[in-house]
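**Q** Let me begin by handing over the structure; questions about it come next.
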Amino acid sequence: MTGLASMRPTLVGIAAAFATGLVIATPWFVAEGNMRLMIEIFAVFAFAQGWNFLAGYVGIMSFGQQLFIGLGAYFLFLASNWTGANPFLILPLSFVFSALFAAAISPFVFRLRDAYLAISIWVVAEIVRLFISQRDALGSVSGLPLVATREMERSLVATSSFYYAGALALISVFGLYYLSISRLGLALAAVRDNEGTASAIGINVWWTRFFGFVLGSGFTGAAGAVYYMSVFHVEPGGAFDPNWMVVMLFIVIIGGVGTVEGPIIGTAIYFLFRAWFAGTGNLYLMLLGSAAVLVMLISPRGIWGVVKSKSGVDLLGARHASGLEAAAKKSRTIS
Amino acid sequence: MAPVVSVEGLTRRFGAITVADDLSFAVGSGECLGIIGPNGAGKTSVFNMLAGAIRPHAGRIFLDGRDITETSQHARTLLGLGRTYQVPQPFGLLTAFENVLAAATFSRRSRGEEAEVARSVLVRTGLAARADVPAGSLPLLDRKRLELARAMALKPRVLLLDEIAGGLTEAEVVQLVALIGALKPDLAIVWIEHVTHALSAVADRILAINFGSRIAEGTPAEVMAHPAVLEVYMGTVLDVAPRG
């Protein structure tokens, strides 16, 4: 066990390299239509993982992460349409813009705690949505097209979007794993678990939370830009839709908050539900809600939480093995 | 010898209740100051002011002669202050090892050997066999041990112990006293404790407070026999003194 645990970063590295290869090879084997679906799945998975990072790793509960989906998307559309720049080249700036916006609102929303903080970010999302809806220069309620992609070759657009979405998915899995076992990950976990004690061991709690919030929100912004870039059109009602928040919550809660694996399971279940029941109208939403409630009743830690505790299998958990227990057991059996 | 940590005129009120009233004391390296007092006397509030969790209304706090009254809690830790909590406050989802590893890492006093420091502290505090158990599911006794382990992993120059012996068995108190005694030569220790015989075994001086005010100070024997202390703990002096 201990040997396996110490080898884990290497094994995860091999898995990451393999998964990256798979993503790179995909456009050669998969039809454009299916690739479009995969872009959507990867982007939604990245939304969920961004929220999971905030709620489960940083300890910030936000009910307004649709704010950053919309901001990332609008930044990309406006920057590309105004300057004529290739959206694929300026997409990383959506991360920067969303992160800066998160940094700018932090001093205000961090004055609030828990549920108040969660709602305050939602309020900011509504303000931004209304602001955009009332300005013709920003496309008003009917939104904006992505002009630059019109002249580009369709397959090139699809492939480029897919690679960005693939990168988001890879970062959502392996980036989150490596971040969680890093020094920063340890600081975030300490702050999440107990702010007072975190401060007492020398961690600057405010800046740690700030950094986590900015990083997670920037990532959500980048994912929002990828999602809307792949559909060529963005409007405020869709991009800042609180239903995005419902989807994120559903995926993370049924999968398992605070784990890398949970939202993978949650995303799979979400898209399967959608494929099977989307035609059933309101019944579909009731099914989603019932599934979430059922999982919460059985296990507040989600499906992966149950699997992990029942089987003892922890693939991508942020664990620092001490190496002490094995030594203690060994000395006990000898003596 | 210059004191490592000292307070002058420390005063703090919560509404009408005064938890610290013009308190002054100083502790040098290799020295242990015990603080006793009945429940609600203000001991933990004094601690929270030393650690930086709350601010005093008046008075100054010095570390190595440097005024740290306005210094934030995490910055005080970086300067060498380490504390435990009376009610254990672990990082619940992290393992015992990770709790201590975080302390060794973020106090920045064990660069490059954080994991070794964390392991050795867990061994010294008797937590080695529980090292990979999430702290939130440890029994109370182990969580109390973890408080001390985490504070030790900071490699502090001033160690603030808040009722670390409470709830331990007699044998465990003996172990604890031996452990703190071994740490003492390199540290200035301020120790709040109700288990007075444990405190008396380690403390060079004891400060007794009630309603935030000093009622006695001196060697453990002097303070335990002080009329004001007896009055606070036993009722009136007359009840006890004739029989004693």
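The values are calculated or read from the model by the stated rules, or taken from the named source; none is laboratory data. This is a predicted model, so every value here is computed, not measured. Glycine also receives a Cβ, built like all others from the backbone with ideal geometry; neighbour counts cover every protein chain displayed. Just so you know, the surface numbers come from the protein's heavy atoms only, side chains and all, with ligands and any DNA or RNA stripped out. Shrake-Rupley method; radii C 1.70, N 1.55, O 1.52, S 1.80 Å.
**Q** Per residue of A:183-194, count partner chain C-beta atoms within 10 Å of its C-beta, then hand back the mean as an integer.
**A** The mean count of partner-chain Cβ atoms within 10 Å per residue comes to 5.
**Q** Order B:78-90, A:46-58 from most to least packed using the mean count of other Cβ atoms within 10 Å.
**A** The packing order, highest mean first, is A:46-58, B:78-90.
**Q** May I pose another question? Quick one: if the Förster radius is 22 Å, what FRET efficiency do residue A:314 and residue A:182 give, using the C-beta to C-beta distance and rounding to 0.05?
**A** 0.80
**Q** Mind pulling the angle between the C-alpha long axis of helix A:66-83 and the longest principal axis of chain A? Nearest 10 degrees, somewhere in 0 to 90.
**A** Computed tilt is about 50 degrees.
**Q** To continue, here is another question. Where does helix B:170-183 land angle-wise versus the long Cα axis of chain B, in degrees 0 to 90, nearest 10?
**A** With rounding to tens, the tilt is 80 degrees.
**Q** Still on this model: Given a 1.4 angstrom probe, I'd like the percentage of the accessible area of the protein assembly as shown that is carbon and sulfur, rounded to a whole number.
**A** Taking all protein chains in place, the protein assembly as shown shows 65 percent carbon and sulfur surface.
**Q** In addition: Calculate the FRET efficiency for residue B:234 and residue B:186 from the Cβ-Cβ distance with a Förster distance of 35 Å, rounded to the nearest 0.05.
**A** Calculated value: 0.45.
**Q** Then there's this: If you take each beta carbon of peptide A:313-324 and count the beta carbons of other chains within 10 angstrom, what is the mean?
**A** So the per-residue partner count for this stretch is 5.
**Q** What are the semi-axes of the equivalent ellipsoid of the protein assembly as shown, taken as the square roots of 5 times the eigenvalues of the Cα gyration tensor, listed largest first and rounded to whole Å?
**A** 54, 27, 20
**Q** Under a 5 Å amide H to amide H cut-off, with H placed in plane at 1.01 Å, what residues pair with residue B:13 once short-range neighbours are removed?
**A** Residues meeting the amide H criterion: B:19, B:57.
**Q** What average number of partner chain Cβ atoms lie no more than 10 Å from the Cβ of the residues making up B:67-76?
**A** 3
**Q** Next up: As a test of the definition: with a 1.4 Å probe, what buried accessible area, both sides summed, do you compute for A against B, in Å² to the nearest 100?
**A** 2600
**Q** Right, here's the next one. Accessible area per residue for chain A in Å², computed with a 1.4 Å probe and the full protein assembly in place, what is it?
**A** Per-residue accessible area for chain A comes out at 45 Å².
**Q** Still on this structure: Under the rule of at least 5 residues apart or a separate chain, name every residue whose amide H is placed under 5 Å from the amide H of residue B:205.
**A** It is B:32, B:34, by chain and number.
**Q** Share of antiparallel DSSP beta bridges in region B:109-244, in percent to the nearest 5?
**A** 50
**Q** Quick check: the angle from helix A:92-109's long axis to the longest principal axis of chain A, C-alpha only, nearest 10 degrees?
**A** That helix lies at roughly 70 degrees to the long axis.
**Q** While we're here: For region A:31-63 and region B:87-128, compute the distance between their C-alpha centroids and round to whole Å.
**A** With region A:31-63 and region B:87-128 each reduced to a Cα centre, they are spaced 34 Å.
**Q** A further question follows. Go through region B:82-89 residue by residue and turn each phi into a ³J(HN,Hα) via Karplus (6.51, -1.76, 1.60, θ = phi - 60°); whole Hz please, and just put x for glycine and proline.
**A** Residue by residue, region B:82-89 yields x, 10, 10, 10, 4, 8, x, 10 Hz.
**Q** Work out from phi, with θ = phi - 60° and the Karplus expression 6.51 cos²θ - 1.76 cosθ + 1.60, the ³J(HN,Hα) of each residue of region B:19-25, listed in order in whole Hz, and give x for Gly and Pro.
**A** Taking θ as phi minus 60°, the curve returns 9, 8, 10, 6, 7, 9, 6 Hz for region B:19-25.
**Q** According to a simple spin-label model (label point 7 Å from Cα along Cα-to-Cβ), what is the distance in nm between residue A:81 and residue A:206?
**A** According to this spin-label approximation, the distance is 3.9 nm.
**Q** I've got another one for you. Using only helices, what value at 222 nm comes out for the protein assembly as shown when you add -39,500 (n - 2.57) per DSSP H run of length 4 or more and divide by the total residues, to the nearest 500 deg cm²/dmol?
**A** Calculated from helices alone, the mean residue ellipticity at 222 nm is -18500 deg cm²/dmol.
**Q** Mark the label point 7 Å from the Cα of residue A:31 along Cα→Cβ and return the residues of region A:156-179 whose backbone N is within less than 17 Å of it.
**A** A:158-159
**Q** Looking at region B:70-129, which GluC sites (Glu not before Pro) are in a loop (DSSP not H, G, I, E or B) and have at most 13 other Cβ atoms within 10 Å?
**A** Counting only loop positions with at most 13 other Cβ atoms within 10 Å, the GluC sites (Glu not before Pro) in region B:70-129 are B:70, B:113.
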